1. Residue-wise, which Karplus ³J(HN,Hα) couplings in Hz belong to region 107-120, taking 6.51 cos²θ - 1.76 cosθ + 1.60, θ = phi - 60°, and x for glycine or proline?
2. Quick check: with the 1.4 Å probe, what order do Met101, Met26 take by accessible area, largest first?
3. If packing is taken as the mean number of other Cβ atoms within 10 Å per residue, what is the order of 248-257, 212-221, 59-68, 125-134, highest first?
4. With every protein chain left in place, what is the accessible area per residue of region 45-158 in square angstrom, probe 1.4 Å?
5. Given a 1.4 angstrom probe, I'd like the percentage of the accessible area of region 68-203 that is carbon and sulfur, rounded to a whole number.
6. I'm a student and want to see the number: the projected area of the Cα convex hull of region 173-262, averaged over all directions, in nm².
7. Sticking with the crude label model, points 7 Å out along Cα→Cβ, report the distance from Leu159 to Phe142 in nm, one decimal please.
8. For region 51-126, what's the radius of gyration and Dmax over Cα atoms, in angstrom?
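The values are calculated or read from the model by the stated rules, or taken from the named source; none is laboratory data. Remember, it's a predicted structure, so these values are computed and weren't measured experimentally. Cβ placement follows ideal geometry from the backbone for every residue including glycine, while neighbour counts extend to all protein chains displayed. Note: accessible area is taken over every heavy atom of the protein model, side chains too, but ligands, DNA and RNA are not part of it. Shrake-Rupley method; radii C 1.70, N 1.55, O 1.52, S 1.80 Å.
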Amino acid sequence: MVVGVAADVFESAVIIGIFTGTIYAMMALGIVASFRINRVVNLGIPGLAVFGATIYFQMSNVWGAPVIVALFGGVAVGALIGALLGLCNLKMTQWPRGFVMIFTLTVTLFLFGWSDKILPPIQISPASPFGDNGGFKVALTFVSNHQIGTFVTCILVTLLMALVVTKTRIGIYVRAIYDDGDSAATLGIPIGYFVVGVWAVAGALAALAGILVSPRTTLDPYLILFVTIWALAGSILGGLESFGVAFVGSILVGLSQGILGGGIIHLGPGLENLGAIAVVAVAVFYAGVKRRDLAHIQT
């Protein structure tokens, strides 16, 4: 009986960890997308996620727009702001990348403040795009339709992004710009269009992540910022280059938290983040020692 209960607890912890990792993965995809084009760690992702979710909430809960319309509205706003960030990056080509990172962080703080002005002074959870009801129970855990929808969406987006980067002409151009922007320009590749376009995609992914995260975490800028920290850990495991490895890395971060926090290895409240912190440490060590071109992310 004890073994059966322990197995159920462990299974539930794994399920919780996988779905938590999926939330991190949605954020990680936007980080990887912007880094793939011009080697800048986009710290504007949490701000774009919060503001996209804010627009989604405003359209669906306040203006009464259909959920699907609000979803596309939030993603479109994220893409627009992401494109503007891409334009700014083009103007900052000669700037140290650390300064550009700080600029994107400033954008996050600005969007946090803007969202605070729009949102009501109480904690809110927007309606899920997949419905607020329905699901099934596995072991000791109830798996909601929202969790299932988020997981499937994340897998589909990851596969789509990986396919575009590896199998299409657009992906070839993006890789060429990433490897050597000057040589790509001499070949006639319109670098400006691609930088703006990829950053717009990163903004759209961040907004989508915020929309899918906020029904579970509440629409709180600082909670979403906390989610982004673990998403960055997952994306670093992929060298900030691979969508697939970033997805797997984010799942590993979620699993470490789930198992350490509620599984067989129970460390107590708060200490479940120990596993995720260890993942961050390993990832930064890998980037600094094995990948010298990524050493700047240690900052």
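1. The phi angles translate into 4, 4, 4, 5, 5, 4, x, 5, 5, 4, 5, 7, 6, x Hz.
2. Reading off the accessible areas and sorting them downward yields Met101, Met26.
3. Highest mean packing first, the order is 248-257, 212-221, 125-134, 59-68.
4. 51
5. 71
6. The orientation-averaged projected area of the Cα hull of region 173-262 comes to 6.9 nm².
7. A separation of 3.0 nm, rounded to one decimal place.
8. For region 51-126, the Cα radius of gyration and maximum Cα-Cα distance read 14.9, 45 Å.
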